[in-house]
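The values are calculated or read from the model by the stated rules, or taken from the named source; none is laboratory data. Keep in mind that this is a model prediction, so the values were computed, not measured. Cβ placement follows ideal geometry from the backbone for every residue including glycine, while neighbour counts extend to all protein chains displayed.
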Amino acid sequence: MKPFLSFFRFLVPCLALASASCGPSGPALTEEEDPSFGRGRSYLKVGKEKEALDEFLSVTRRMVECPKSHLEAGRLLLLLESRKDPVASIYHLRRFLLLKPESREASKVRQLIVSAEREIIRKLPGKPYDDYLELIALKEENAKLKRLIDDYKARLGVPLEEISKTPLPVDPPANPPTQPPPGPATVRSYVVQSGDSLYAISRKFYGDSSHIDHIFQANRDSLPNKDSLKPGQTLRIPPLSRNR
C-alpha cells in the first residue's frame, strides 16, 4: 500500500504540470492575426472570392470578436451567385453592426441588409410584397430627387435655412378654372437674408433666376452694384411687365 501511495503522490503533480503545459502559452490571437483571416484577404486580392468566403467563415466560427470577417462573409454571401444566401448574409452583416455600431461602413452595411431583404422577398412564391418593394424604390428615388433639388437651390444662392422650407413648384392643372382678371400689379418688398443673392431672390419671386436686372434697376438707389446685398436690407420687388 505504501508504494502505491508514494506513486500516487508523485503522479498528481506530474499530471498538473502536464495539464498546465498543454494550455495556452500566450494571449489569444486577434482577428487580423488569425491565419485564416490573412488567407481570406489574400484570396480577395487575386479574385478568389469563393476561397476567401470559406476562410472568413472559418474565422467567424472560431472567434467572437471578428467584425471584419463577418462583414466580408456577409458581403460575399450576397454577391456570389454560386454561394448566394441572403439570410446568412443578413446574419453576418448584423453581427458586424453589433460589434462595430459606430463604424464608417455602418451606413453601407445597412444598405446591404436592405438588398438582402429584397432578395428574400423576391424569392417568395406569389410575390406578395411587390408593392412593398416598389414603395422602397420610390422612397429612395424621392430622396435622390430632394438632394438634387437642394443642391440646385444652394447653387442659386438660396439660404440653407430656406432650402427645406421652400415648397416645390406644382404644375398647374390642365384646364384651370376661369378666374376674374387680376387687379393692378403692386410692388412687393423683401428683407435680405444672410446668404441671399439676386439670383436666389429672382427665383423666389419670379420662378427663375433670369430677372436680376429687373430687381437691380428697381433698387439702384440702395444697390451700388449687383453684389452689394446686405442682410436686413429691404428691396423693392417690382412686378414683371405683361409683355415679358
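One table, with the values for the structure above:
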item	result
Residues (modelled with pLDDT under 85 and of a type in the set (Lys, Arg)) located in the range 214-228	LYS226
Residue among ARG75, ARG104 that alone is surrounded by 13 or more Cβ atoms within 10 Å (Cβ to Cβ) and either assigned to a loop (DSSP other than H, G, I, E, B) or at pLDDT 90 or above (or both)	ARG75
Test result for ARG94, in a helix (DSSP H, G or I) and at pLDDT below 90	no
Every residue from the range 162-213 that is at pLDDT 80 or above, of a type in the set (A, V, I, L, M) and surrounded by 14 or more Cβ atoms within 10 Å (Cβ to Cβ)	VAL192, LEU198, ALA200, ILE201, ILE212
Flag if GLU51 is in contact with a helix residue (DSSP H, G or I) (Cβ under 7 Å, 6 or more places away or on another chain) and under 16 Å from PHE96 (Cβ atoms)	no
